[in-house]
Every structure is written in structure tokens, then in C-alpha cells.
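The values are calculated or read from the model by the stated rules, or taken from the named source; none is laboratory data. Worth saying up front: this structure is predicted, and the values here are computed from it rather than measured. Cβ placement follows ideal geometry from the backbone for every residue including glycine, while neighbour counts extend to all protein chains displayed.
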Amino acid sequence: MAKKKPRLEPESLELPLGGVESHAHLDLEDFDDDREEIISRARASGVSEIMNVFLGPDAYEKNNHLFDDHPQISFLLGVHPNKADTLTDDALNRMHGHFKANPRLKGVGEIGLDYYWERVDHDVQKEAFIKQLVLARELALPVVIHSRDANGEAIALLEDQGFRDHPVLWHCFGSDLEFARSVLDNGWHISIPGPITYKKTDDLQAAVARIPLDKLLIETDSPYLSPEPWRGKRNHPALIAFTARRIAEIKGRSIQDVWQITGDNARRFFNL
């Protein structure tokens, strides 16, 4: 039996420092055994900054110390829609205090609506979403949106809350060109995850072909959604190199261009 070819490592793409991982969950226990190595590999693969997403104030208070020695890692903080019922007044007040106290907190997210899992009543999700949008507006911070099986309602709620032309990032975009246009028409940005590298994502690839490069960011959503050739394995920030490579192929640009431009977009968006 022929041996399988070894998977290509992201370091082998030899990308320069300048890429930005716009959405990772490095505080999760999935990285407890090798977090430092994973952070080092990201830099060796050309990732100059990482946005780590804390899923609620408890996670932030417990785990933000993990990155004390890594100033290249900035933070997002938000209560996920699948935990919307935990957004008490106390939790919201604690979040407000953390944003005021720590300049490494660069945005409110991931927040939004998730009607796929049906873990929390829709009205409870909407209420938590609105409260966190109010917080973001008060603090003049960007928001990062999680939307699953709820795109129409999420956009309508953002528009109703006056977020047209506010810095909004559509996290883990996996939809089609029609929906991308709805996002772009509001002046928002779109973050592309690893599934852009999968074969049966024709609608997503067609959307990426038409989304202006200056509106694109790249993410892993680590430890989930690894790109090819690492699909099915744990995702980590260095692997955004393969997502960048696929976007470059779709757009007919060099990977170095996509790497630098999407990195610059993220630095502007998050004020890094």
C-alpha cells in the first residue's frame, strides 16, 4: 500500500509577517497541552496578530492571563447566542468594566443569533444581542457577528439598531453572493474561514470571487473548521495561510497580496 503524502505545513508557504488571524479560541482547553507552541507556530507562519475570542465574562476573567506574555494577541469579548440566557445585568456590567479597564479588548463579539441549535429561546437571544449592541455603541467598539440559520433576522436587527456603516464583521461567513451583498451594502466586513478550501462550497467560492478584497478578513475559528489539507484535524491560527492561499487562487491574486491586504484590513478594523 502506497504511503499517504504528508500534509503540507503552513510554515512551508513562507509567508511574511503581516497576516492577521481574526477569530480564534485559544483559551479553550483544546490548547492546554501546547498553547505556547501553537502561538509560536502562528508567528513562524507569518501571523503577526491574533484576535482571541472570550465567550463571556467568566471565560475572560478565568483565562485572559494565559496571554500576558503575548502582546500580539488582542481580545474580543461577548456572550454567544447559544449562551444568551447567561447575560444577566451583572454579566453585562462586568463586561462593561473589562472593556473600560483593558485596552487589549478590541471589540464586542461574537454576538448574534443562532437558530440552528435551538438552545436558547429566540426572544432571549434577540434581547441579549440588542443589549450587547448597545454596549458596543456606548463604547464605540466594533462588533463581531455570529449568525446561523438567522441571517435575515440578524441583519434586520442590526439595521433597526442603527448599525449601518458601524464597524461590523460577519464572522465565519459561509453564505452566497446575494447575502454577501446584503452585508456589504451596510458597509460591513466579511471574515472567511477554512471551508473556502473545501470542494463542495461553490456558492461560497462564487461570493468570495466578488467580495472586494478591502472588505475581507481571514479567520480559523480555532479549534474548529480546519482548512484543507488539515480538514478533520484541530484548527489553529497558523492554518489561515491555507485559507489565504485559496482566496488568492479564487481572486487571481498573489497569496502575498491577499495576506497583506487582509491583515491590513484587520488592523484597521480592530484598531490594532
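Which count do you get for residues in the stretch 68-124 that are among the polar types (S, T, N, Q) and touching a Phe, Trp or Tyr at 6+ places or on another chain (Cβ under 8 Å)?
Quick first cut of the stretch 68-124, residues among the polar types (S, T, N, Q) only: 72, 74, 82, 86, 88, 93, 102.
The next check asks that each one be touching a Phe, Trp or Tyr at 6+ places or on another chain (Cβ under 8 Å); those that pass are 74, 82, 102.
Looking only at that region, the number is 3.
Pairs linking a residue in the stretch 209-223 that is free of Cβ contacts under 8 Å to residues at least 60 places away in the same chain and in a helix (DSSP H, G or I) to a residue that is surrounded by fewer than 24 Cβ atoms within 10 Å (Cβ to Cβ) and of a type in the set (D, E, K, R), with Cβ atoms under 7 Å and 6 or more positions apart or on different chains, are Ala209/Lys251; Leu213/Lys251.
Kindly indicate whether Leu15 is part of a loop (DSSP other than H, G, I, E, B), out of contact with any strand residue (DSSP E or B) (no Cβ under 7 Å at 6 or more places or on another chain) and under 24 Å from Lys233 (Cα atoms). Write out each step before concluding.
Numbers: part of a loop (DSSP other than H, G, I, E, B): yes; out of contact with any strand residue (DSSP E or B) (no Cβ under 7 Å at 6 or more places or on another chain): yes; under 24 Å from Lys233 (Cα atoms): yes.
Answer is yes for this residue.
For the stretch 115-137, filtering for residues that are without any contact (Cβ under 8 Å) to a residue 40 or more places away in the chain and either surrounded by fewer than 15 Cβ atoms within 10 Å (Cβ to Cβ) or not hydroxyl-bearing (Ser, Thr, Tyr) (or both) leaves 14. State all residues of the stretch 81-137 that are among the charged types (D, E, K, R), part of a strand (DSSP E or B) and either closer than 23 Å to Phe269 by Cα or modelled with pLDDT under 95 (or both); if no residue qualifies, say none. Of everything in the stretch 81-137, those that are among the charged types (D, E, K, R), part of a strand (DSSP E or B) and either closer than 23 Å to Phe269 by Cα or modelled with pLDDT under 95 (or both) turn out to be Lys106, Glu110.
Looking only at the stretch 71-91, count every residue that is in contact with a helix residue (DSSP H, G or I) (Cβ under 6 Å, 6 or more places away or on another chain) and either among the aromatic types (Phe, Trp, Tyr) or over 15 Å from Leu55 (Cβ atoms) (or both) and tell me the total. Final tally of qualifying residues: 1. A single entry from Arg267, Arg234 fulfils the requirement of being of a type in the set (Lys, Arg), within 19 Å of the chain's Cα centre (by Cα) and more than 23 Å from Pro6 (Cβ to Cβ): Arg267. For the stretch 1-44, a residue qualifies if it is in contact with a Phe, Trp or Tyr (Cβ under 7 Å, 6 or more places away or on another chain) and surrounded by fewer than 17 Cβ atoms within 10 Å (Cβ to Cβ), and exactly one does: Arg7.
To keep it simple, each residue is scored yes or no on (1) polar (S, T, N, Q); (2) under 20 Å from Pro193 (Cα atoms).
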| position | (1), (2) |
| --- | --- |
| Phe99 | no, no |
| Asn102 | yes, no |
| Gly112 | no, yes |
| Val120 | no, no |
| Lys131 | no, no |
| Arg148 | no, yes |
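Figure legend. Inter-residue proximity from the stretch 22-33: first residues touching a residue at least 12 places away in the same chain (Cβ under 8 Å), second residues in a loop (DSSP other than H, G, I, E, B) and among the charged types (D, E, K, R), beta-carbon distance below 9 Å, spacing 6+ or different chains. Indicated pairs: Ser22/Glu219; His23/Glu219; His23/Asp221; Ala24/Glu219; Ala24/Asp221; His25/Asp221; Asp30/Arg234; Phe31/Arg234.
Within the stretch 160-179, take every residue that is surrounded by 22 or more Cβ atoms within 10 Å (Cβ to Cβ) and not aromatic (Phe, Trp, Tyr) and give me the one that is farthest from the chain's Cα centre (by Cα).
Applying the first criterion (surrounded by 22 or more Cβ atoms within 10 Å (Cβ to Cβ)) to the stretch 160-179 yields 168-173.
Subset that is not aromatic (Phe, Trp, Tyr): 168-169, 171-172.
Values: Val168: 11, Leu169: 8, His171: 5, Cys172: 6 Å.
In this case the residue turns out to be Val168.
Which of the residues spanning the stretch 146-171 are in contact with a Leu (Cβ under 7 Å, 6 or more places away or on another chain) and of a type in the set (A, V, I, L, M, F, W, C)? Walk me through how you get there before you give the answer.
Filtering the stretch 146-171 for residues in contact with a Leu (Cβ under 7 Å, 6 or more places away or on another chain) gives 147, 150, 153-154, 161, 163, 168-169.
Within the stretch 146-171, Ala150, Ala154, Phe163, Val168, Leu169 qualify.
Here is a yes/no grid of residues against (1) surrounded by 15 or more Cβ atoms within 10 Å (Cβ to Cβ); (2) on the phi > 0 side of the Ramachandran plot; (3) touching a strand residue (DSSP E or B) at 6+ places or on another chain (Cβ under 9 Å):
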| site | (1), (2), (3) |
| --- | --- |
| Lys200 | no, no, no |
| Leu204 | yes, no, yes |
| Ala207 | yes, no, yes |
| Leu213 | yes, no, no |
| Leu217 | yes, no, yes |
| Ser222 | yes, no, yes |
| Glu228 | yes, no, no |
| Ala238 | yes, no, yes |
